[in-house]
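A.B. asks: Just dropping this structure here.
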Amino acid sequence: MHSSEYQRDTVEPILSREQFVSISDTLAALAGKLRIEAMLLVNSSGRIIASNIKTGWRGDMTLLATLAASSFSAANEMGRVLGEREHFKMILHEGANRNIFVSTVNSHYFLIVVFEKGVALGMVRLLTKKTIQELVPILKLKTGEKYPENIFDGRFTSQLDDELDRSLTEFS
Amino acid sequence: MFINWMLQEIHLKLVYYGPGLSGKTENMNYIYSHIDPALKGDLISLKTKEDRTIFFDFLQLEVGAIDGKKPKFNLYTVPGQVNYSLSRKIVLNGVDGIIFVADSQKEMMNANLDTLLDLEKHLIADGKTLEDFPWVLQYNKRDLPNIVSIDEMNEKLNLFGVPHFPASAVTGQGVFPALKELIKQVVIKTKQQMTVQQEKRA
C-alpha cells in the first residue's frame, strides 16, 4: 500500500495471525538473548502490535507505548525543524536504573526496548538492529486476510450503542 | 482505527481539540473522575509548572466485549496555545475522531475559529478534511455569563452540520453525550470505509 493511501485510510493495514505469530516469535528470540524488561512493537500512533514482557514486570504498557510514540514523533519533528530529511533511527532515554531504547522499524512501526542499567547498550543496539531486519519483511508480507465483513454490522453497532449507554455515564 | 485481530481488540484514537483554556483537559478530568473505575486506565498529563497542557493528556477507556471484541478508546487532548501547533500535529497522528471543544464566551469566538482553521490545516496535510472526517462540536462553558447563543455558535463554527452539544465540563453537562456521539460517528465512518475497501478487493 502506498504511504499516502495508508494515511488516508481509517483502518490501518491488516496484519494476519501468521504475521502476529512471526512477530511474537522474533521478539521472543531477542528476549532470549538479552536481559530485557519489556519490548513492544508499536505503530506510529502508539498502539501496541506485539509485546514481550519479563515475568513480574509491572509497568503500564499502554502508557509506555503512548508516551514513546509521542516522544519519537517529537524527535522527528525536531529533526525536521533542523532540516533532517529522514526520520531519526533511534532515541535513548537513560534512567538511574533502566534505559529505554526506541528504534524505527519502518515508517509505520517502531520498537521499544526497556532494559536494566547493567545491560550493555552496544549489545542492545546490535541485537535490536538484527531483530528489526527480521521484522521488516514480516511486516511487509501480503496477508491475504480480509476484514470480516460483518464486524460493524447492525447487530454489532446496536450492541455497541447499548454498551456505550451503559458504560459512558456517571458511575454510582 | 486499529484492529488487533489476534487479541480481538478495536482501538479508537479520539482527540479533544480546541483553543487554550476552552476546557479540553477539564473534559478528561470529568470523565476520569466519574466513570466506572473498572473501565479506565491511568490519566497522564504532560503539563507545564503552571498547569497548562504542554503536549497532551491521555486516558484509555474500555467497555465490555461485543461479540468477543473489546473496544478500547484512547482519549487525548492537545495543547491549545497558539505556539504549540506542532505538538497538536503530532497528537493528531492516527486520529479517528475529534471533539472540538469551543469556548462559549463572547471574547473567545475568534480563538475558536482560528483553532478550527488550525485543525483543518493539519487534517488537510494528512489527506483528510473537516467535511468528511468524524467530529462533533462541544460548546463548553455554558454555565458562565457573557456567552454566545447556540444559534450563533452554530452559524460561526458548525460549517458542516456536525452534532453539537451545549456543555459545561466542570459540571459534566454534555461531556459523556459528546463522547458517545463521536464514537458512533467514527463507527459509521469506518463501516463505510470497510465497505468501500471490500468492494475494491472484490
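Readers should treat all values here as calculations from the given coordinates under stated rules, not as data from a laboratory. This is a predicted model, so every value here is computed, not measured. For neighbour counting, all protein chains shown are included, and Cβ atoms are generated from backbone atoms with ideal geometry for every residue, glycine included.
A.B. asks: Relative to a virtual label point 7 Å from the Cα of residue B:192 in the Cα→beta-carbon direction, which members of segment B:100-131 show backbone nitrogen distances below 16 Å?
C.D. replies: Of the residues in segment B:100-131, B:128-131 have backbone N under 16 Å from the label point off residue B:192.
A.B. asks: Taking the beta-carbon count within 10 Å as an exposure proxy, list A:85, B:142, A:17 from fewest neighbours to most.
C.D. replies: A:85, A:17, B:142
A.B. asks: Provide the packing ranking of A:40-48, A:99-107, i.e. peptides ordered by the mean count of other C-beta atoms within 10 Å per residue, highest first.
C.D. replies: On the way: A:40-48: 23.2, A:99-107: 18.3.
The most tightly packed comes first, giving A:40-48, A:99-107.
A.B. asks: Can I ask one more? Between residue A:18 and residue A:153, what FRET efficiency follows from the Cβ-Cβ distance if R0 is 30 Å, with the result rounded to 0.05?
C.D. replies: Efficiency computed from Cβ-Cβ geometry: 0.70.
A.B. asks: Still on this model: Along each principal axis of its Cα atoms, how long is the protein assembly as shown end to end? Whole angstroms, biggest number first, please.
C.D. replies: 64, 50, 45
A.B. asks: Under 20 Å from a point placed 7 Å out from the Cα of residue B:120 along the Cα-to-Cβ direction: which residues of segment B:156-174 have their backbone N that close?
C.D. replies: Under 20 Å, as judged by backbone N against the label point of residue B:120, lie B:156-165 of segment B:156-174.
A.B. asks: Name the lysines eligible as straight-distance cross-link partners of residue B:189: C-alpha to C-alpha under 16 Å, and not fewer than 8 places from it in the same chain.
C.D. replies: Residue B:189 reaches B:13, B:128, B:180.
A.B. asks: Average partner chain C-beta neighbours within 10 Å, per residue of B:43-50?
C.D. replies: If you average over the peptide's residues, the count of other-chain Cβ atoms is 1.
A.B. asks: Let me ask another. Give me the aspartates and glutamates in straight-line cross-link reach of residue B:49: C-alpha distance below 16 Å, same-chain residues under 8 apart excluded.
C.D. replies: The reachable aspartates and glutamates, counting only those whose Cα sits under 16 Å from residue B:49, are B:57.
A.B. asks: Zone of residue A:35 (label point 7 Å along Cα→Cβ, backbone N under 16 Å): which residues in segment A:117-135?
C.D. replies: A:117-125
A.B. asks: Okay, next question. Pull out a ≥ b ≥ c, the square roots of the eigenvalues of the alpha-carbon gyration tensor of segment B:2-201, then state rounded if a/c is under 1.5, prolate if not and a/b is larger than b/c, and oblate in the remaining case.
C.D. replies: prolate
A.B. asks: Once the Cβ-Cβ distance between residue A:77 and residue B:129 is put in as r, and R0 is 22 Å, what FRET efficiency do you end up with, to the nearest 0.05? Please report the intermediate quantities before stating the final value.
C.D. replies: Working: r = 23 Å, r/R0 = 1.04.
The calculated FRET efficiency here is 0.45.
A.B. asks: On to the next question. Quote to one decimal, in nm, the extra length available between residue B:170 and residue B:49 on full extension: 0.36 nm per residue of separation minus the C-alpha distance between them.
C.D. replies: On the way: separation 121, 0.36 × 121 = 43.56 nm, distance 2.17 nm.
Answer, rounded to one decimal: 41.4 nm.
A.B. asks: Within a 10 angstrom radius of the beta carbon, how do B:139, B:30 rank from fewest other beta carbons to most?
C.D. replies: In increasing order of surrounding Cβ atoms, one gets B:30, B:139.
A.B. asks: How much FRET efficiency would the formula 1/(1 + (r/R0)^6) give for residue A:60 and residue B:143, where r is the Cβ-Cβ distance and R0 is 22 Å, rounded to 0.05?
C.D. replies: Here the calculated transfer efficiency is 0.05.
A.B. asks: Oh, and also: Would you list, by chain and number, the lysines whose Cα falls below 16 Å from the Cα of residue B:156, excluding same-chain residues fewer than 8 positions away?
C.D. replies: B:106
A.B. asks: So, one more: Order by neighbour count: A:15, A:82, fewest other Cβ atoms within 10 Å first, most last.
C.D. replies: Lowest count first: A:82, A:15.
A.B. asks: Which of rounded, prolate or oblate describes chain A when judged by the alpha-carbon gyration tensor and an a/c cut-off of 1.5?
C.D. replies: In terms of gyration-tensor shape, prolate.
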